[in-house]
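Trainee: Input: one structure, supplied below.
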Amino acid sequence: MASIDDRRAAFKRYKEDVDRRGKPFFPYAMFHDTVMSLVVVSVIIGLAVIWKYTHLLGVHYADKADPGTVNFVPRPDWYFYFLFYLLRIFKWPDTVILGTIGIPTIALVLLLALPFVDVRQERRLSRRPVALVAAVLVVLSMGVLTYKGATAKEALGSELVGQVPTWTKKQGFGNNPTAVAGAKLFAQSGCLNCHTYLGTGGSQLGAPDLSAEGSKNKGIDFQIRHLKCPSCVNPGSPMPKFDAFSEQNLREIATFLEASKGPK
């Protein structure tokens, strides 16, 4: 009961102090913040319009994105590096939701709840251990995850190509140069981000293991049609189209898949 009385007395003193020396946060400060936010957003929109319809702020991107590239490794902007590395920790399909939504949401809820948990009016840091420890842990964790995300090495296509001789030996298609070329292209094209092959890969979105794809005897023509438009051949497939590849590249990958009968 005394705590409630103390809060009421403190609030009364606050209102008296506001009446003597200034204006309350609501609605004056909130109104100013709202107006300033609208000004900032309007400036951003204005600059975007100027960039879009004039050349005063620079030209538009000259080259369109190439979906058939085999050497581009996507990375997020620096302020998402902490989440990028968090996903590398929770990389298994069943834990992705924990890394992307669970942990960040829990941390945000705790930070929002902190002012309501630690309600003392003490301002000195030495007298606010809960707030101090929480702030230090947040800064350290964000800093470490951001650094680890910025310096993390990706499984580049050139690194995955090093697996091709092993695949060739285990699958036994070393005398088929088209299949070997397809294996290299398969390693470089990001296929292993979702699929797995002889223990290498990501196994995401339910993508199947392709180590024994050739044992299904679907045929090279089927594989080419599937690469060009997966959802046309397999309705509902989340696999992206690879129709930007040349016919030769498509045939090489298709030959590689059909030559993959499983390790001998």
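The values are calculated or read from the model by the stated rules, or taken from the named source; none is laboratory data. The model shown is predicted, which means the values in this text are computed figures rather than measured ones. Cβ sites come from the backbone with ideal geometry, for glycine too, and all protein chains shown count toward neighbours.
Trainee: Of all residues in region 234-263, count the ones that are surrounded by 14 or more Cβ atoms within 10 Å (Cβ to Cβ), polar (S, T, N, Q) and closer than 28 Å to residue 166 by Cβ.
Mentor: Residues meeting the conditions: 3.
Trainee: Inspect all residues belonging to region 112-131 and state whether any of them is outside any helix (DSSP H, G or I) and in contact with an Asp or Glu (Cβ under 8 Å, 6 or more places away or on another chain).
Mentor: There is at least one residue in region 112-131 that is outside any helix (DSSP H, G or I) and in contact with an Asp or Glu (Cβ under 8 Å, 6 or more places away or on another chain).
Trainee: For region 88-96, indicate whether the set of residues that are among the acidic types (Asp, Glu), modelled with pLDDT under 85 and more than 30 Å from residue 191 (Cα to Cα) is non-empty.
Mentor: No.
Trainee: While we're on this one: Six or more apart or on different chains, Cβ atoms under 8 Å: show the pairs whose first residue is in region 116-128 and exposed (fewer than 10 other Cβ atoms within 10 Å of the Cβ) and whose second is small (Gly, Ala, Ser).
Mentor: Partner pairs satisfying both residue conditions: 121/10.
Trainee: Report, ordered by the first and then the second residue, all pairs with beta carbons closer than 9 Å, sequence separation of six or more or different chains, a first member in region 94-105 that is in contact (Cβ under 8 Å) with a residue 12 or more places away in the chain, and a second member that is not in a helix (DSSP H, G or I).
Mentor: Within 9 Å, the pairs are 99/90; 99/91; 100/90; 103/90.
Trainee: Scanning region 159-196 for residues that are at pLDDT 80 or above and part of a loop (DSSP other than H, G, I, E, B), which turns out nearest to the chain's Cα centre (by Cα)?
Mentor: Taking the candidates together, the pick is 194.
Trainee: May I pose another question? Please find, among 156, 125, 83, the residue that is at pLDDT 80 or above and either closer than 30 Å to residue 201 by Cβ or of a type in the set (A, V, I, L, M) (or both).
Mentor: 83
Trainee: When only residues in region 162-194 that are free of Cβ contacts under 8 Å to residues at least 24 places away in the same chain and in contact with a Gly (Cβ under 6 Å, 6 or more places away or on another chain) count, which is farthest from residue 252 (Cα to Cα)?
Mentor: Going through the qualifying residues, I end up with 193.
Trainee: Can you name every residue in region 206-233 that is exposed (fewer than 11 other Cβ atoms within 10 Å of the Cβ) and within 16 Å of residue 195 (Cα to Cα)?
Mentor: The one that is exposed (fewer than 11 other Cβ atoms within 10 Å of the Cβ) and within 16 Å of residue 195 (Cα to Cα): 206.
Trainee: On the basis of being modelled with pLDDT under 90, buried (at least 16 other Cβ atoms within 10 Å of the Cβ) and not hydrophobic (A, V, I, L, M, F, W, C), does residue 201 make the cut?
Mentor: For residue 201, the condition - modelled with pLDDT under 90, buried (at least 16 other Cβ atoms within 10 Å of the Cβ) and not hydrophobic (A, V, I, L, M, F, W, C) - is met.
Trainee: List pairs: first residue in region 198-225 and assigned to a loop (DSSP other than H, G, I, E, B), second residue among the polar types (S, T, N, Q) and modelled with pLDDT under 90 anywhere in the structure, Cβ distance under 6 angstrom, at least six positions apart or on different chains.
Mentor: Hits for this filter: 202/193; 203/196.
Trainee: Can you report the number of residues in region 231-264 which are charged (D, E, K, R) and touching an Asp or Glu at 6+ places or on another chain (Cβ under 8 Å)?
Mentor: Qualifying residue count for the region: 1.
Trainee: Quick one: in region 38-58, which of the residues that are touching a helix residue (DSSP H, G or I) at 6+ places or on another chain (Cβ under 9 Å) and among the hydrophobic types (A, V, I, L, M, F, W, C) is modelled with the lowest pLDDT? Before the answer, list the steps.
Mentor: To start, the set of residues in region 38-58 that are touching a helix residue (DSSP H, G or I) at 6+ places or on another chain (Cβ under 9 Å) comprises 56-58.
Filter once more, keeping what is among the hydrophobic types (A, V, I, L, M, F, W, C): 56-57.
Numbers: 56: 83, 57: 80.
Applying the filter and picking the extreme gives 57.
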